[in-house]
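The values are calculated or read from the model by the stated rules, or taken from the named source; none is laboratory data. Predicted model, so just to flag it, every value in this text is computed and none were measured. Here the Cβ positions follow ideal geometry from the backbone for every residue, glycine too, while neighbour counts run over all protein chains shown. Heavy atoms of the whole protein, side chains included, go into the accessibility calculation; ligands, DNA and RNA do not. Shrake-Rupley method; radii C 1.70, N 1.55, O 1.52, S 1.80 Å.
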Amino acid sequence: AKMAFEDIFGKTLSSKDGDIPTQEALSGKTAVGIYFSAHWCPPCRGFTPKLAEWYTASFKAKGMEIVFASSDRDEDAFKSYFAEQPWLALPFSDRATKEKLSKQFKVQGIPSFVIIGPDGKTITTDGRTAVSKDPTGEKYPWIPPTPAEKAKRALELLGSEITSKAGDRPIGLYFSAHWCPPCRGFTPKLAEYYNEGLKDNMEIVFVSSDKDSGQFDEYFKEMPWLALPYDKRDEKGELSDLFDVQGIPSFAVIRPDGTTITTEGRSQVTKDPRGENLPDGWLPQPFNDVNDDPSPLNEEKCIIILTGSESSAATALKGVAAEEHEKAGKDISAMPVRFFYGPEGGVVAQLRNLTKVEGEKMILLDIPDDGGFYVCDQDVASIDGAAVKEFLKGVNEKKVERKQLQK
């Protein structure tokens, strides 16, 4: 473990009493939080005193250390902000390590709190939510449930009455509320799909965010499916956490054994209103239209063929995507590169504007690498699977010219 921490943080860390060797500072710690923050950021200034209070009262005694990774604008700002913090910090002068950590943990905004174990492996990148929900550290070190634990817990929370009614059909968890205008827009559509055949292929359960039971009763009258009883507020909260519901309406779909098919059920059901392609057709796919969901572009390396899905180059890219998907154990999040095709559309127009690439081309975006991108010189008509692999290899070996996105 000693080397793991040195590899992550470098040889020394800053403490109130000056620099100390990383190995000495973190030896014997049961978890280490990396706190990405800066004094100029108002949400950071709101979160830091809370985290300091929880650390001092609970987390420190459990064997946790925290390391501040500063995004302050200069050494003086860092020093005055670090003076308010009861833990360690990356030396402010070591900007390279700070940048490396931001990239490694895909930090999009601050404050961000990543928790790693004594072996240096990530426990959770959403430590901020974890500690905010558990300030006394009862669930320390906040290890997220495994897929099997998550599946078992989802079924327990729904209860046997609901699961027995679903039988051998997948279950759609519809997180919604009457006060939410997009929900009121989506519910009648979903009810129409359900009545016109979706119900043969899935059961739906309304998980309510209504403000009181009166609103719940009124809204549930418009729905032809089941509901989690309104008084099960704790279960509702835990289901929202399990499926990482950030906003409503949200539609997560699980198999009868509780394992997740998709948390993007809303877009899936719009494409397949009767659920005829369930379950496999609703699983996350390794090759997608970049215009549909561009969110991975900011977080991952993404290879994009700027053509429609029917071109021979897109077919070649789709084949390589399927191979990489298999290699990653069919876990999209474990794939080192994401694969897309890009017919003309809103996102492609933005990409063309940022890259200044015209016509049909294959490009690789690496936005986490400070907005880097690469263009394959080969004519699209002649791109096959071997050419895709050659391009990826060239990028990895730094043999293809790195270009910079227009800021």
Translational diffusion of region 1-151, µm² s⁻¹ [Kirkwood Rh, Cα pairs; Stokes-Einstein; 20 °C; 1.002 mPa s]: 139 µm²/s
Highest average packing first - 301-308, 392-399, Cβ atoms within 10 Å: 301-308, 392-399
Under Karplus coefficients 6.51, -1.76 and 1.60, residue-wise ³J(HN,Hα) of region 67-77 in Hz, glycine/proline x: 10, 7, 10, 8, 10, 5, 7, 7, 4, 5, 4
Estimated inter-spin distance, residue 353 and residue 406, nm [label 7 Å along Cα→Cβ]: 0.9 nm
Kirkwood Rh, Cα atoms: Rg over Rh of region 207-260: 0.96
Antiparallel DSSP beta bridges within the chain, as percent of all bridges there, nearest 5: 55 percent
Over the chain, relative contact order from alpha-carbon pairs under 8 Å, at least 6 apart, %: 11 percent
Accessible-area composition of the chain, carbon plus sulfur, in percent [1.4 Å probe]: 50 percent
Protection proxy ranking of 69-75, 28-34, 15-21 - average other beta-carbon atoms within 10 Å, highest first: 28-34, 69-75, 15-21
Cα centroid separation, region 374-407 to region 108-165 (Å): 38 Å
Estimated [θ] at 222 nm from DSSP helical runs (n ≥ 4, -39500 (n - 2.57)) normalised by residues in the chain, nearest 500: -10500 deg cm²/dmol
Over region 115-163, relative contact order from alpha-carbon pairs under 8 Å, at least 6 apart, %: 26 percent
Straight-distance crosslink candidates among aspartates and glutamates, where the alpha carbon sits under 15 Å from residue 199 and sequence neighbours closer than 8 are dropped: 168, 272, 276
Per residue accessible area of the chain, 1.4 Å probe, in Å²: 49 Å²
At R0 = 22 Å, FRET efficiency that the Cβ-Cβ distance of residue 299 and residue 375 yields, to 0.05: 0.55
(1) 128, 61, 45; (2) 69, 60, 34; (3) 90, 74, 41, with the label sought being that of the calculated Cα extents along the principal axes in Å: (2)
Gained length - residue 312 relative to residue 331, 0.36 nm times residue gap less alpha-carbon distance: 4.3 nm
Alpha carbon centroid spacing (whole Å) that separates region 177-234 from region 242-283: 15 Å
Evaluated over region 114-262, the Cα radius of gyration and Dmax, each in Å: 16.7, 53
Cross-link reach list, aspartates and glutamates versus residue 361, counting only Cα pairs under 16 Å and skipping chain neighbours closer than eight places: 289, 310, 344, 377, 379, 384, 390, 401
Trypsin sites (Lys or Arg not before Pro) within region 344-375: DSSP coil, no more than 15 neighbouring Cβ in 10 Å: 356
Cβ-Cβ FRET estimate between residue 119 and residue 184, R0 fixed at 45 Å, reported to 0.05: 0.40
Pairwise FRET efficiency - residue 152 versus residue 222, Cβ, R0 = 41 Å, nearest 0.05: 0.80
At q = 0.24, 0.25, 0.29, 0.33 Å⁻¹, base-10 log of I(q)/I(0) for region 173-220 (Debye sum, equal scatterers on each alpha carbon): -0.89, -0.94, -1.11, -1.24
Relative contact order (%) - criterion: Cα under 8 Å, at least six apart; region: region 26-175: 26 percent
Flagged links, alpha-carbon separation over 20 Å, of 11/62; 133/236; 62/133; 106/301; 100/301: 11/62
